[in-house]
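Q: Let me give you the structure first, and then I'll get to my questions.
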Amino acid sequence: MELKKYYQQRKEEAESKFEAVKKEIRKVSACRVLIFIIGCISMFYLYPYGVWGICCIIACTTIPFLLLMKRHNYLFQNKDWWRACITHYQEEIDALQGNVSSYEDGKEYMDSDHPYTLDLDIFGPRSLFQTINRTCTPLGKATLAAWLKDHLRKKALIEDKQEAIKELTNHNELREKFRITGLLFKERETNFKDIDDWIKSPDYFSTRRWYQWTVWIAPRINSILLILGVLDIIPMNYIGFSFGCFLVISLGLVKKITLIRNEYEKQLITFSTYAQLIQLIENEKLQSPLLVKWKEHFKSHGQPVSTVLSLLTKELDRLDLRNNQLLYFLLEGGLFWQVRQMLRIEQWKQTYGKNLHLWLSTLGEMDAIMSIGTFAFNHPDYTYPIISNKPFIFESKGMGHPLMPVAQCVRNDASIPYQPYFIIITGANMAGKSTYLRTIGCNYVLACIGAPVCCESLKIYPAQLMTSLRTSDSLSNNESYFFAELKRLKQIIDRLNKKEEMFIILDEILKGTNSKDKQKGSFSLIKQLISLKANGIIATHDLVLGELAEYFPHEIKNYCFEADIQENELTFSYKLKEGIAQNMNACFLMGKMGLIIND
């Protein structure tokens, strides 16, 4: 089924369910009002019959009213669910039309010093991250960003990811329910450091024995005194005195308990959402080794992790019962309730806290890989690359830019068959050199995180990607454009000297200096890269660099993007051709804009 038609159909189904639930909510509301009115009228007529008449009215109206109220709450939850479904499907429809603004773009992960993310538009508006991102938790968002910033370099790890993504591509219900659940219960940012601090923090109540003794003694003393008072063995004043003592002691602990709870509440309150997300994974049959391994992480002490996390949430909710003044008096005086709950929460931490980071990390990984699964589902024409053990190889056919609209995307091939080997690309301004470099870089990153790529076929060796495409000067660091570029090139050389395997993509090297210096420096740099057994692609306006292929016929090959000038009009095919570019367009464009060019 066509993707847009699929999402449109799902949206229409959700809209139909949404409207049906709204109608039922109106019916239930009307029934509640009707029962209330009937109760009031009955009270008026049956009041003279005394207590039994009133009890009969209460029994006949209160129970149905409470049942309808429960049904009303359930319907409202359903209404919120179908509204979230509609939002989800509409966002997917917009994304298929090129509008991905509904998804977070990861601009906070942008880093000008990173080896490749800034050059390749990995983060930011209309970025690769925003195109892939369907995460519904801060954990998943951070994990997906980490994968894109630090791609895999081991064949086996990439192939495991590929297998997991292929499986999730076919689990539409799981992926959609997972994201919609996250959208429905969108929570605050979860800070791993805060959670680690809570796990490592010393327990306050369980390390002080008298609290445990008081919690054990309080209900037993009160029960004994109550029984003895009811049997007229002792005055009832004793139970009142006992209640009062425990209540006074409890009042002295309110500030301490509130402080402890508030310190970690913002992080721990999100566990109710995480429990629901984990339960979706626990209930799904998964087969790929990586997904099975991650699913195994969601087991603890013979019970599902979703149950364990729900248990903590329930303990926190029970602690909040003290916020009701009447319940506070009864629970604190009778059971020493708030200390009892703090002891139970600390016991939970002692039992499960050491596993908490693993569970949350795994949940983030599941969230991130489901995003890539949706990306694969939304691009059925993309292919999974072959990962090679042979250093180095990059062989692509029909390669396009994954961020470019299909109608505008011109596909090209690329071939780096062995090590060392460099492609030098020459061409006129606006002919497509920089776009081609980013096309290669983006597909390479996708391939190295296990995702499908915008190619008819692709075979790669996963080395460390390093680019220099949009180096800029830095006023804050007092760095010139040229010095910033030299720093990046030095990083490349230093890492190659350490025998690190790299795939290098450079655009117009040494463009911050004069032509003579640039040619000399560029010649020397490329020779050094070849001597260090490097691989990569270099784009340049400098046609002289094409002469290097004469000195290194087995290590360098020339390609170009040509500009065609016919009938005083400039056109581009954006198709890669072998050889050195013959047509330049700077003077032509200057003339078209009215600038005088002297021969």
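The values are calculated or read from the model by the stated rules, or taken from the named source; none is laboratory data. All values reported here derive from a predicted model rather than from experimental measurement. A quick note on method: Cβ atoms are made from the backbone with ideal geometry, for glycine too, and the neighbour counts reach across all protein chains shown. With ligands, DNA and RNA removed, areas are computed over all heavy atoms of the protein, side chains included. Shrake-Rupley method; radii C 1.70, N 1.55, O 1.52, S 1.80 Å.
Q: Residues of segment 142-158 being in contact (Cβ under 8 Å) with a residue 40 or more places away in the chain, of a type outside the set (A, V, I, L, M) and either surrounded by fewer than 17 Cβ atoms within 10 Å (Cβ to Cβ) or outside any helix (DSSP H, G or I) (or both), which ones?
A: His151, Arg153, Lys154, Lys155, listed by residue number.
Q: Give all pairs with beta carbons closer than 7 Å in which a residue from segment 287-316 that is over 20 Å from Glu365 (Cα atoms) meets a residue that is open to solvent by 50 Å² or more (accessible area, probe 1.4 Å) and charged (D, E, K, R); count only pairs at least 6 apart in sequence or on separate chains.
A: Qualifying pairs under 7 Å: Glu315/Arg344.
Q: If you don't mind, another one. Is it the case that segment 10-29 has a residue that's of a type outside the set (D, E, K, R) and at pLDDT below 90? Quick ask: steps written out before the conclusion?
A: Filtering segment 10-29 for residues of a type outside the set (D, E, K, R) gives 14, 16, 18, 20-21, 25, 28-29.
Keeping just the survivors that are at pLDDT below 90 gives 28-29.
Yes: segment 10-29 contains one or more residues that are of a type outside the set (D, E, K, R) and at pLDDT below 90.
Q: Looking only at segment 377-386, which residues are open to solvent by 10 Å² or more (accessible area, probe 1.4 Å) and not hydroxyl-bearing (Ser, Thr, Tyr)?
A: Taking segment 377-386 first, the residues open to solvent by 10 Å² or more (accessible area, probe 1.4 Å) are 377-384, 386.
Hits for segment 377-386 are Phe377, Asn378, His379, Pro380, Asp381, Ile386.
Q: Does Ile227 satisfy the condition of being β-branched (Val, Ile, Thr), surrounded by 13 or more Cβ atoms within 10 Å (Cβ to Cβ) and not in a loop (DSSP other than H, G, I, E, B)?
A: Details: β-branched (Val, Ile, Thr): yes; surrounded by 13 or more Cβ atoms within 10 Å (Cβ to Cβ): no; not in a loop (DSSP other than H, G, I, E, B): yes.
The answer is no for Ile227.
Q: So which of Leu321, Leu363 is surrounded by fewer than 18 Cβ atoms within 10 Å (Cβ to Cβ) and part of a helix (DSSP H, G or I)?
A: Of Leu321, Leu363, the one residue that is surrounded by fewer than 18 Cβ atoms within 10 Å (Cβ to Cβ) and part of a helix (DSSP H, G or I) is Leu321.
Q: Assess whether Leu139 counts as being part of a loop (DSSP other than H, G, I, E, B), surrounded by 13 or more Cβ atoms within 10 Å (Cβ to Cβ), of a type outside the set (Lys, Arg) and modelled with pLDDT of 85 or more.
A: The answer is no for Leu139.
Q: Within segment 243-253, which residues are open to solvent by less than 90 Å² (accessible area, probe 1.4 Å) and within 14 Å of Leu331 (Cβ to Cβ)?
A: Scanning segment 243-253 gives Phe243, Phe246, Leu247, Ile249, Ser250, Leu253.
Q: Hey, another quick one. For Lys516, are the conditions met, namely being open to solvent by 60 Å² or more (accessible area, probe 1.4 Å) and not in a helix (DSSP H, G or I)?
A: No, not satisfied.
Q: Looking at segment 245-292 only, could you name the residues that are within 23 Å of the chain's Cα centre (by Cα), in a helix (DSSP H, G or I) and of a type in the set (Ser, Thr, Tyr)?
A: Tyr264, Ser272, Thr273, Tyr274
Q: Residues that are within 28 Å of the chain's Cα centre (by Cα) and crowded, with 21+ Cβ neighbours inside 10 Å: find the strands (runs of 3 or more DSSP E) completely inside segment 387-449 holding 1 or more of those.
A: Once the strands (runs of 3 or more DSSP E) in segment 387-449 are filtered for at least 1 residues that are within 28 Å of the chain's Cα centre (by Cα) and crowded, with 21+ Cβ neighbours inside 10 Å, what remains is 394-399.
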